[in-house]
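Okay, structure first, notes after.
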2 protein chains.
Amino acid sequence: MACRIARGVFKTENTPLIEGYGSVAGKKEGEGPLGKSFDVVEPDGHLGEETWEKAESKLQKTSIRLALKRAGVTANDIDAVFSGDLINQCIASAYGLRELEIPFFGVYGACSTMAEGMLLATLLADGKSVNRAVAVTSSHFSTAERQFRFPLSYGGQRTPTSQWTCTASGAVVISREKGSVEIAGGCIGKIADMGITDINNMGSAMAPSAVETVMRYLTATGTTPEDYDCIVTGDLGIVGSRLFIQLTQKQGLDLSGVHKDCGVLIFDPEKQDTHCGGSGCGCSASVLCGYFLPKLERGEIKNMLFTATGALMSPMSLQQGESIPSVAHLVHLKGREK
Amino acid sequence: MACRIARGVFKTENTPLIEGYGSVAGKKEGEGPLGKSFDVVEPDGHLGEETWEKAESKLQKTSIRLALKRAGVTANDIDAVFSGDLINQCIASAYGLRELEIPFFGVYGACSTMAEGMLLATLLADGKSVNRAVAVTSSHFSTAERQFRFPLSYGGQRTPTSQWTCTASGAVVISREKGSVEIAGGCIGKIADMGITDINNMGSAMAPSAVETVMRYLTATGTTPEDYDCIVTGDLGIVGSRLFIQLTQKQGLDLSGVHKDCGVLIFDPEKQDTHCGGSGCGCSASVLCGYFLPKLERGEIKNMLFTATGALMSPMSLQQGESIPSVAHLVHLKGREK
């Protein structure tokens with residue numbers, strides 16, 4: 001029997017495991033505080049390709065290859081792959097994965113995509129529908145910047161609340177039998193919208209959905225922040241993280257001691273001039289796979305919530321006066337008892 | 001125990017059911033041969049909204065509402081919704097569903113989205129992870145045309161192989177216990193790419209993936225075309241359907257007697273000037289929900305394969321000289337024995 005989802009929350013019955021993971025990051029991410037954590041740091045934003053979009057596809061190929069290698073399996077051993085990205089029509093994923101011939105589920109959760117793919121892979125593995133499934137995503141500073149904001153050559157001034165889209169990718173192999181990190185449960189996000197309309201303040205637009213998802217999981221599982229070594233959000237950045245803490249405090253919970261944000265961790269706020277930190281699907285994916293999963297594997301972290309947040313607007317929806325809806329998906333990870 | 005996916009193919013163990021379905025279509029679709037099949041035909045492309053994008057969101061809201069009503073349930077009874085669409089960043093789905101507060105999985109399979117969402121909902125229902133999940137998608141002629149081709153006011157000449165993006169939406173409620181149509185199995189698509197680069201010949205770009213998916217399902221289940229009342233493709237259109245038949249004949253199978261294509265069915269080729277027929281996520285979704293599901297329910301069709309096809313390119317990937325990858329997802333539907 002597989003787990004039962006109630007109000008979006010589930011505890012796994014058969015404890016799927018993370019069998020392999022891989023991370024790749026760009027030059028700037030490699031120069032940040034987590035630089036040494038990533039499996040591969042690419043010195044050139046084009047990765048030897050003609051276009052940034054092809055470079056982003058290559059990031060996904062690289063992180064999957066690394067994850068498969070660490071798991072000691074090949075693409076043939078994977079029953080399904082979940083992938084998506086920020087580029088229009090998710091082309092980084094489609095072109096990045098077309099050679100692999102793995103049964104393919106395209107997903108779109110903006111920057112929550114990694115957690116969304118992991119939830120679906122977990123549910124299928126927990127129900128024994130798959131032996132192994134992969135979740136992967138990517139982002140690229142240059143593909144995102146020109147699509148969501150301005151052409152890079154325009155040299156637009158960045159606002160104080162803006163974040164820096166990471167050039168990065170992360171991939172995990174989720175297995176029903178083998179692995180070093182346990183997946184204990186999860187929480188499927190609901191769409192939240194607090195009326196924020198500033199595309200340069202994405203952290204604030206996404207914070208409410210992170211709060212809703214984390215609170216829903218804690219309530220449903222009867223746990224408190226103290227039960228976790230860390231409660232990680234995807235890319236709220238500095239401003240969004242502050243709002244996240246404030247909003248949870250208003251609900252009577254203090255997460256300030258256990259909260260970490262991948263977007264805050266990945267860049268040095270003093271030296272790297274990224275304003276509010278990193279963002280993009282690849283931000284939380286690469287920080288999970290480069291930084292947190294090894295810590296869980298080594299037992300340095302035993303119990304953690306990984307909550308990736310996504311902003312579900314488009315440049316067009318904002319031009320049409322819409323606010324920014326967001327979603328946050330949560331995956332509950334545990335270091336395996338030795 | 002849930003079903004086991006092998007090479008992308010699965011047979012359900014617990015036979016999830018379609019408990020409700022709803023369809024809505026635009027004026028032109030309403031004037032076509034299936035016009036009377038749709039639950040609702042909208043006389044105005046704006047649906048009373050300021051923008052086409054908001055109108056498309058409203059299509060999704062309408063089809064879900066109809067599907068919930070037919071199932072006799074409310075949004076609170078739905079454990080998860082799978083939704084996606086063709087607009088950049090899938091905004092028709094995000095804005096269309098934000099009020100419903102259902103745990104939300106964004107999916108992107110281009111015009112294969114309906115079958116993709118149905119596969120995932122089926123797998124979760126078969127594993128008893130959900131009691132009910134919804135799959136929904138939409139497309140809109142005017143949002144698609146200006147995004148993928150030209151501004152409508154430009155009045156560009158359409159090529160002979162072009163298809164007409166349908167203004168339509170379809171939604172299904174998939175239940176693990178109740179319903180009138182059985183889901184017997186499915187096949188998850190793999191990305192195929194035959195090197196087609198003509199954005200006005202999408203049917204030909206998608207035909208190879210439909211062939212691969214259908215052949216894989218027939219082989220894995222040991223069935224032949226004669227076992228089915230109909231084998232339905234999503235939106236190959238007239239040219240793509242011809243290619244689909246030719247390619248399967250080359251592999252020794254004659255599907256010409258059982259093949260139907262939603263894109264061919266939805267418009268009158270003589271009177272409606274749509275060239276090769278309909279396309280878009282909403283094409284196969286609305287034809288499934290408006291035309292085929294009632295026939296299955298009434299026992300006029302007993303055994304059918306629904307194979308929705310998606311072209312995974314973007315305008316940018318084509319500008320960059322890439323070919324068009326495609327994917328086809330298959331859902332095996334059976335009229336319930338009375």
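The values are calculated or read from the model by the stated rules, or taken from the named source; none is laboratory data. Computed from a predicted structure; not experimentally measured. Because the Cβ atoms are built from the backbone with ideal geometry, glycine has one as well, and the counts that use them run over all protein chains shown. These area figures cover heavy atoms from the full protein model, side chains too; ligands, DNA and RNA do not enter into them. Shrake-Rupley method; radii C 1.70, N 1.55, O 1.52, S 1.80 Å.
Each Cα pair under 8 Å and six or more residues apart adds its separation to the average, and for region B:32-190 the resulting relative contact order is 26 percent. As a length-normalised measure over Cα pairs under 8 Å and 6 or more apart, the relative contact order of region B:251-338 settles at 23 percent. Per residue of peptide B:312-324, the mean number of Cβ atoms on other chains within 10 Å of the residue Cβ is 5. A 1.4 Å probe run over chain B, with the rest of the protein chains in place, finds 34 Å² accessible per residue.
Between the amide H of residue B:303 and those of B:229, B:230, B:335, distances stay under 5 Å, these residues lying 5 or more places away or on another chain, with hydrogens modeled in the peptide plane. The Cys residues in chain A with no partner Cys Cβ within less than 4.7 Å of their Cβ are A:3, A:90, A:111, A:187, A:230, A:262, A:276, A:281, A:289.
With r as the distance between the Cβ atoms of residue B:318 and residue A:246 and R0 = 41 Å, compute the FRET efficiency 1/(1 + (r/R0)^6) and round to 0.05. Once the sixth-power term is evaluated, E becomes 0.35.
Full extension of the segment from residue B:31 to residue B:101, taken as 0.36 nm per residue of separation minus the current Cα-Cα distance, would add 21.8 nm. For region B:219-265, the fraction of 1.4 Å probe accessible surface lying on carbon and sulfur atoms is 50 percent. The stretch between residue B:300 and residue B:40, if pulled fully straight at 0.36 nm per residue, gains 91.4 nm over its current Cα-Cα span. For region B:279-294, putting each phi into the Karplus relation 6.51 cos²θ - 1.76 cosθ + 1.60 with θ = phi - 60° gives couplings of 7, x, 3, x, 5, 5, 5, 6, 5, 4, 6, x, 10, 7, 4, x Hz, in residue order, rounded to whole numbers and with x for Gly and Pro. Mean separation of Cα pairs under 8 Å and 6 or more residues apart, divided by the residue count, gives chain B a relative contact order of 24 percent. When A and B come together, around 5200 square angstrom of accessible surface is lost from both chains combined, probe 1.4 Å. In region A:105-136, burial by the other protein chains removes 20 Å² or more of accessible area from A:105, A:106, A:108, A:116, A:120, A:123, A:124, A:127, A:128, A:129, A:131, compared with the chain on its own (1.4 Å probe, ligands and nucleic acids ignored). Springs between Cα atoms under 10 Å define the GNM used for chain A, and in it the highest mean-square fluctuation of A:201, A:76, A:14 occurs at A:76. Overall form of region A:208-324: oblate. Here a/c, set by the Cα gyration tensor axes a ≥ b ≥ c, is 1.5 or more, and a/b is not larger than b/c. On the basis of the beta-carbon distance and an R0 of 35 Å, residue A:198 and residue A:77 show a calculated FRET efficiency of 0.20.
In region A:48-86, the residues whose accessible area drops by at least 40 square angstrom when the other protein chains are added to the isolated chain are A:54, A:79; the probe is 1.4 Å and only protein heavy atoms count.
Shown for residue A:315: label points 7 Å from Cα along the beta-carbon vector, and their distances to the equivalent points in the other copies, 1.0 nm in ascending order. Shape class for region A:75-200, computed from the alpha carbon gyration tensor (a ≥ b ≥ c): prolate, with a/c not under 1.5 and a/b above b/c.
A crude spin-label estimate for the pair residue B:149 and residue B:4, with each label 7 Å from Cα along the Cβ direction, gives 4.7 nm. Highest GNM mean-square fluctuation among A:126, A:273, A:193, for chain A modelled with Cα contacts below 10 Å: A:273. Helices in chain A that qualify as membrane-span-like (whole DSSP H runs, Cα extent of at least 27 Å along the helix axis, mean Kyte-Doolittle hydropathy of 0.0 or higher) are A:202-221. In chain B, the beta carbon lying closest to the axis that superposes B onto A belongs to the residue given here with its whole-angstrom distance, B:127, 2. Note on residue A:297: accessible area approximately 60 square angstrom, rounded to 10, probe 1.4 Å, nucleic acids and ligands left out. In nanometres and ascending order, the distances from the residue B:72 label point to those of the other copies are 5.4 (point 7 Å from Cα along Cα→Cβ). Measuring against 24 Å, Cα to Cα, the residue pairs A:128/B:295; A:190/B:295; B:58/B:190; B:69/B:295 contain A:128/B:295; A:190/B:295; B:58/B:190 as the ones spanning a longer distance. Using the Cα gyration tensor of region A:156-203, with a ≥ b ≥ c the square roots of its eigenvalues, what is the shape: rounded (a/c below 1.5), prolate (a/b larger than b/c) or oblate (neither)? Oblate. Under a Gaussian network description of chain A, with springs only between Cα atoms under 10 Å, the residue in A:118, A:304, A:215 that fluctuates furthest is A:215.
Label-point spacing at residue A:246 relative to the other copies reads 6.4 nm, in ascending order, each point sitting 7 Å out from Cα along Cα→Cβ.
Which parts of region A:159-193, residue by residue, lose 40 Å² or more of accessible area when the rest of the protein chains are there, as against the chain isolated (1.4 Å probe)? Residues passing the criterion (a loss of at least 40 Å², heavy atoms only) are A:188, A:190, A:191.
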